[in-house]
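As structure tokens, the structure follows; a few thoughts come after it.
The values are calculated or read from the model by the stated rules, or taken from the named source; none is laboratory data. Computed from a predicted structure; not experimentally measured. Because the Cβ atoms are built from the backbone with ideal geometry, glycine has one as well, and the counts that use them run over all protein chains shown. Protein only, heavy atoms only, side chains kept; ligands, DNA and RNA dropped before computing areas. Shrake-Rupley method; radii C 1.70, N 1.55, O 1.52, S 1.80 Å.
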Amino acid sequence: MSNRDEAFAEYFAARSSSMRATAFLLCGDWHRAEDLVQTAFTRLYLRWNRVQRHESLDPYVRKVLIHTFIDESRWGWWRRERPHETTAETPAADTAPDDRVMLLTALARVPARQRAVLVLRYWQDLSVEETAAALGCSPGTVKSQAARGLEALRALIAQPATAE
């Protein structure tokens, strides 16, 4: 194994779980999250020798991950692979959903770009400037997308309460 491959494998082992968690928050599906992470790390591997500062790897991989997610969200449903659920099991009894499940379900329904901003700002705890750099937009866009995303998230969470 070359030094390049060893360095990449070490970085992948250290950071893939964190990136997978971020990807899951973006897309709400562990299988799709794995695909997003695989795409991001493949692109990183192809550019590994060109990356001058290895301390800037996390922002680069995060940016690739988010752009891949947003690009895939723009594709029509016919261009994405979608597994079909067929279960022979009976559904569980109706119980009140856990707050985390309710939040993740609502987050999955927020538009892709707003969801990306929410995940980076409030889950990854990035600053407005870091989020703007990751998304390739202005800090003002991050602020407006965060405000709209939080508004949408609040409305989605409030829906079950108002439906009863």
Within the stretch 1-20, residues being within 27 Å of Thr105 (Cβ to Cβ) and free of Cβ contacts under 8 Å to residues at least 12 places away in the same chain number 2
- In this structure, does Arg20 turn out to be assigned to a helix (DSSP H, G or I) and over 13 Å from Ile66 (Cα atoms)? no
Quick check on Thr39: is it at pLDDT 90 or above, of a type in the set (Val, Ile, Thr), open to solvent by 30 Å² or more (accessible area, probe 1.4 Å) and not in a loop (DSSP other than H, G, I, E, B)? yes
Meets criteria (of a type in the set (S, T, N, Q), exposed (fewer than 15 other Cβ atoms within 10 Å of the Cβ) and within 24 Å of Gly149 (Cα to Cα)) for Ser56: no
Apart from one, (1) of a type outside the set (Phe, Trp, Tyr); (2) under 24 Å from Val110 (Cα atoms); (3) not in a helix (DSSP H, G or I) all hold for Ile66; the odd one out is (3)
A careful count of residues in the stretch 93-112 that are closer than 20 Å to Ser18 by Cα and modelled with pLDDT of 90 or more gives 3
When every residue in the stretch 106-135 that is open to solvent by 60 Å² or more (accessible area, probe 1.4 Å) and assigned to a loop (DSSP other than H, G, I, E, B) is compared, the one farthest from Ser73 (Cα to Cα) is Asp125
Evaluate the stretch 54-61: report whether one residue or more is modelled with pLDDT under 75 and closer than 18 Å to Arg15 by Cα. yes
Of the residues in the stretch 1-17, those that are over 16 Å from Ile66 (Cα atoms) and open to solvent by 60 Å² or more (accessible area, probe 1.4 Å) come to Met1, Asn3, Arg4, Glu6, Glu10, Phe12, Ala13, Ala14
Here the qualifying pairs (Cβ atoms under 7 Å; residues six or more apart or on different chains; first in the stretch 27-43 and in contact (Cβ under 8 Å) with a residue 40 or more places away in the chain and at positive phi; second part of a helix (DSSP H, G or I) and surrounded by fewer than 16 Cβ atoms within 10 Å (Cβ to Cβ)) come out as Gly28/Leu104; Gly28/Ala108
The residue from Thr131, Thr162 that alone is among the β-branched types (Val, Ile, Thr) and modelled with pLDDT of 90 or more is Thr131
